[in-house]
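Take a look at the structure set out below.
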């Protein structure tokens, strides 16, 4: 079936650098995307979302970019801090279907080196 | 303090026993969900409920059962029919209106001894 996946399982960055986490999705009908952050032993925390009618959306220190042509999503974290260390998931949904739940990728672990 | 609560945080079960995981929300959300997470993997949908007294199977419903008698509560029972129940279980809720962003509870880690 269609799925959402991530290019890199682990990303290591230096504190203060910018981080980019990538996600490829295969369902061309997906029109809503969310990035979640999950710290060890905790539930996923909502970071930012984007609809398919947008290419870019910015939050506090985070930016999500959506390229519908190549079905690619990325999360950019500016000035990465040790507290950003976690696993990041992208998730997608086709708002036009009756399926209410999200489809998740397998996650990327972000390690921030001091 | 509004949010989603799950209890217990850790749960141990002997093989052959049923066990029920609790999920409560005070966000006035209509929709609730149960996901399962295995180590190093993403979340997979077990069951979801769009409204009280209604629920639908997700991708991996076999060996699980749910009920939705109250808007605030969506308990999950892991039955003895579930072959590999050891996992991290996550409950989520959403408003039920587009885009219907889901918010998660802290999770319950179930270990079968």
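Within segment B:32-47, the set of residues being at pLDDT below 95 and not in a loop (DSSP other than H, G, I, E, B) comprises B:37, B:43, B:44, B:45. Among the conditions (1) out of contact with any helix residue (DSSP H, G or I) (no Cβ under 9 Å at 6 or more places or on another chain); (2) within 25 Å of residue B:92 (Cα to Cα); (3) modelled with pLDDT of 90 or more, residue A:94 misses just one, which is (3). Please work out if residue B:110 is in a strand (DSSP E or B) and either more than 13 Å from the chain's Cα centre (by Cα) or within 13 Å of another protein chain (Cβ to nearest Cβ) (or both). The answer is no for residue B:110. Right, residue A:28: closer than 21 Å to residue A:103 by Cα, modelled with pLDDT under 95 and within 14 Å of another protein chain (Cβ to nearest Cβ) or not? It is false that residue A:28 is closer than 21 Å to residue A:103 by Cα, modelled with pLDDT under 95 and within 14 Å of another protein chain (Cβ to nearest Cβ). All conditions in (1) surrounded by 15 or more Cβ atoms within 10 Å (Cβ to Cβ); (2) more than 8 Å from chain A (Cβ to nearest Cβ); (3) at pLDDT below 95 hold for residue B:89, with the sole exception of (3). Output yes when any residue across segment B:47-63 is closer than 24 Å to residue A:106 by Cα, more than 14 Å from chain A (Cβ to nearest Cβ) and surrounded by 15 or more Cβ atoms within 10 Å (Cβ to Cβ), and no when none is. Scanning segment B:47-63 turns up at least one residue that is closer than 24 Å to residue A:106 by Cα, more than 14 Å from chain A (Cβ to nearest Cβ) and surrounded by 15 or more Cβ atoms within 10 Å (Cβ to Cβ). May I ask you to list the residues in segment A:28-46 that are over 17 Å from residue B:101 (Cα atoms) and without any contact (Cβ under 8 Å) to a residue 60 or more places away in the chain? Once the filter is applied, which keeps residues that are over 17 Å from residue B:101 (Cα atoms) and without any contact (Cβ under 8 Å) to a residue 60 or more places away in the chain, segment A:28-46 yields A:28, A:39, A:40, A:41, A:42. When segment A:83-100 is filtered for residues that are surrounded by fewer than 17 Cβ atoms within 10 Å (Cβ to Cβ) and either on the phi > 0 side of the Ramachandran plot or in a helix (DSSP H, G or I) (or both), only A:83 remains. Residues that are buried (at least 19 other Cβ atoms within 10 Å of the Cβ) and either more than 8 Å from chain B (Cβ to nearest Cβ) or over 12 Å from the mean Cα position of the chain (by Cα) (or both) within segment A:101-114 comprise A:101, A:102, A:103, A:108, A:110, A:112, listed in sequence order.
Does residue B:68 fit the bill of being in a loop (DSSP other than H, G, I, E, B), at negative phi and either at pLDDT 95 or above or more than 13 Å from chain A (Cβ to nearest Cβ) (or both)? So residue B:68 passes the test.
Filtered by the rule that a residue be touching a residue at least 12 places away in the same chain (Cβ under 8 Å), exposed (fewer than 14 other Cβ atoms within 10 Å of the Cβ) and outside any loop (DSSP other than H, G, I, E, B), segment A:47-82 gives A:51, A:67, A:82.
The values are calculated or read from the model by the stated rules, or taken from the named source; none is laboratory data. No experiment lies behind these values; they were computed from the predicted model shown. Note that each Cβ is placed from the backbone with ideal geometry, even for glycine, and that neighbours are counted across all protein chains shown.
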